[in-house]
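Structure first, then comments.
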Amino acid sequence: MTHDHHARRIRRDRAVHAAVAQDLLDPHATPVAAFVDLQGIEQTAAELRAAWPRETEVLHAFAAKANPMVPILALLLRHGLGCEVSSPGELAQARAAGFPMARVVLDSPAKTQAELAVALRDGIALNIDNFEELERVDRLVADGAAAVRVGVRINPQVGIGSIEAMSTAGRTTKFGIAMADPGNRQRLLAAYAARPWLRWVHVHVGSQGIPLELNAAGVAEAVRFAQEVNARRDGQIEGIDIGGGLPVDFSTDGDSPTFADHVAVLRDAAPELFTGGFKVVTEYGRSVMTKNGFIASRVEYTKRTGGRAIALTHAGAQVAARTVFAPKSWPLRVLAYDRHGLPSTAELEVQDVAGPCCFAGDLVARERKLPRLATEDIVVVPDTGAYYFSSPFQYNSLPMPPVFGFEVSDGDVVRFHVLRAAESLDEVVARSGVLPASLR
């Protein structure tokens with residue numbers, strides 16, 4: 001099964017045009033909004049499930065950090081996914097979305113005593129990050145807590161990819177127990193031997209900027225460690241959580257690599273993962289949602305500075321912080337539509353596309369050749385369904401934009417659903433605090 005990328009582009013074009021027709025991008029009221037392709041989510045989830053062999057018992061736990069919006073999580077649950085969470089907030093969002101706790105995985109390098117107790121009480125899969133955390137769990141188990149799905153995260157130290165901040169298996173990475181550090185492997189083997197309730201192993205090498213082969217090398221190390229544990233106590237390790245690991249191509253509408261590509265590389269590097277001896281958990285996030293969301297903004301003004309054309313829009317760092325602050329690592333495409341929501345046919349020109357934030361670097365595109373933008377034209381920033389509008393940056397107290405899910409019927413009728421209403425100015429003020437009576 002492969003995603004129809006041409007159909008994805010058509011749905012996006014139809015949605016932009018319909019959003020204008022239905023006043024969802026009113027230049028005077030809602031000049032910026034985000035959109036989620038609901039049919040795309042369904043297709044992506046189906047592709048993920050189909051990529052893994054039926055004989056392998058797999059829980060695909062969507063990494064909530066990629067898009068923790070409750071309606072998105074609820075849709076992914078409906079389409080057969082579980083949920084991986086890394087904070088009390090994400091866990092609360094997963095609960096609100098309706099996930100059974102048996103389909104939830106908790107990862108975090110800094111879990112509190114209370115978080116650990118809740119995870120054990122509710123049967124949430126728990127990946128322990130370090131030896132001190134293991135001691136905390138020991139005390140909870142000694143006090144009667146049930147250790148149903150507990151494992152330890154290892155750092156296989158296989159190396160970093162092209163984006164160091166996204167690489168989680170370097171020599172000094174903060175996550176997990178470093179397996180190549182002197183004494184750690186034997187100490188961890190002894191920890192498993194002393195705790196029959198440690199039944200899982202977790203590894204995550206990173207995703208964006210990580211070659212599939214590097215990811216697979218980390219998974220292979222986790223499999224080898226599991227086999228060592230099982231050689232000492234047969235069947236103790238029942239499952240391996242392989243984390244995420246699928247980078248996204250931000251330069252096209254295509255999916256490259258695919259979930260099937262990842263599985264093929266894993267088969268070569270760690271064939272024992274597919275023999276039926278281990279349950280598997282995946283934690284794909286970015287690769288599930290990126291292509292299924294986009295941001296659209298009206299152009300408020302255009303100007304020329306130093307001979308350069310600049311389009312001033314309402315989509316900047318507040319919805320695309322990664323690209324604004326690290327454009328070389330997180331480049332995004334920018335698509336130009338006319339004021340009616342149709343793909344622009346204007347003459348090409350090198351332009352900057354700027355956001356509304358009050359600092360000079362708030363640009364989503366620098367010196368980009370695009371159809372010449374004019375006031376009230378629409379700039380679309382695709383591939384933003386993960387880590388962008390779902391986690392807004394609150395600089396300048398800009399309100400969160402509305403988020404609309406959309407479906408396109410066979411007759412090209414577009415139906416929109418409000419997934420998150422536009423934040424009001426009253427709500428902006430409310431989240432900025434209340435002056436206590438003692439200071440009035």
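Heavy-atom surface analysis with a 1.4 Å probe gives segment 1-66 a carbon and sulfur content of 48 percent of its accessible area. Of LYS111/LYS291; LYS65/LYS291; LYS291/LYS369; LYS174/LYS279, which pairs sit farther than 24 Å apart, going by alpha carbon to alpha carbon? Those over the limit are LYS111/LYS291; LYS174/LYS279.
Here's the picture: charge each Lys and Arg Cβ at +1 and each Asp and Glu Cβ at -1 in the chain, and of ILE128, ASN184, VAL205 the one pushed furthest to the positive end of that dipole is ASN184.
What the chain shows is 42 Å² of accessible area per residue, with the surface traced by a 1.4 Å probe over protein heavy atoms. Sorted from greatest to least, the principal axis extents spanned by the alpha carbons of the chain come out as 69, 62, 44 Å. Averaging the Cα positions of each part gives two centres, and for segment 335-372 and segment 111-143 these lie 49 Å apart.
Surface composition of segment 206-253: carbon plus sulfur atoms contribute 49% of the solvent-accessible area (1.4 Å probe, protein chains only, all chains present). Ellipticity at 222 nm from helices only: DSSP H runs of n ≥ 4 in the chain, each -39500 (n - 2.57), divided by the residue count, give -9000 deg cm²/dmol. Rounded to the nearest 10 degrees, the angle from helix 259-269 to the longest Cα principal axis of the chain is 30 degrees.
Each peptide among 268-275, 336-343 gets the average number of other Cβ atoms lying within 10 Å of its residues, and from highest to lowest they stand as 336-343, 268-275. Expressed as a whole percent, the accessible surface of segment 279-401 that belongs to carbon and sulfur atoms is 54, based on a 1.4 Å probe.
For the chain, the longest principal axis of the alpha carbon atoms and the long axis of helix 184-194 meet at an angle near 60°. Of the residues ALA296, ALA74, ALA194, the one that moves most in a GNM of the chain with alpha-carbon contacts below 10 Å is ALA194.
About the Cα centre of the chain, how large is the charge dipole given +1 on each Lys and Arg Cβ and -1 on each Asp and Glu Cβ? Please answer in debye to the nearest 20.
580
Shape class of segment 186-290 from the Cα gyration tensor (axes a ≥ b ≥ c, square roots of the eigenvalues): prolate, since a/c reaches 1.5 or more and a/b is larger than b/c. The angle between the Cα long axis of helix 5-21 and the longest principal axis of the Cα atoms of the chain comes to about 50 degrees, rounded to the nearest 10.
The values are calculated or read from the model by the stated rules, or taken from the named source; none is laboratory data. For clarity, every value in this text was computed on a predicted model and none was experimentally measured. In this analysis, Cβ positions are derived from the backbone assuming ideal geometry, glycine residues included, and neighbour counts consider all displayed protein chains. For accessibility, only protein heavy atoms count, side chains too; no ligands or nucleic acids. Shrake-Rupley method; radii C 1.70, N 1.55, O 1.52, S 1.80 Å.
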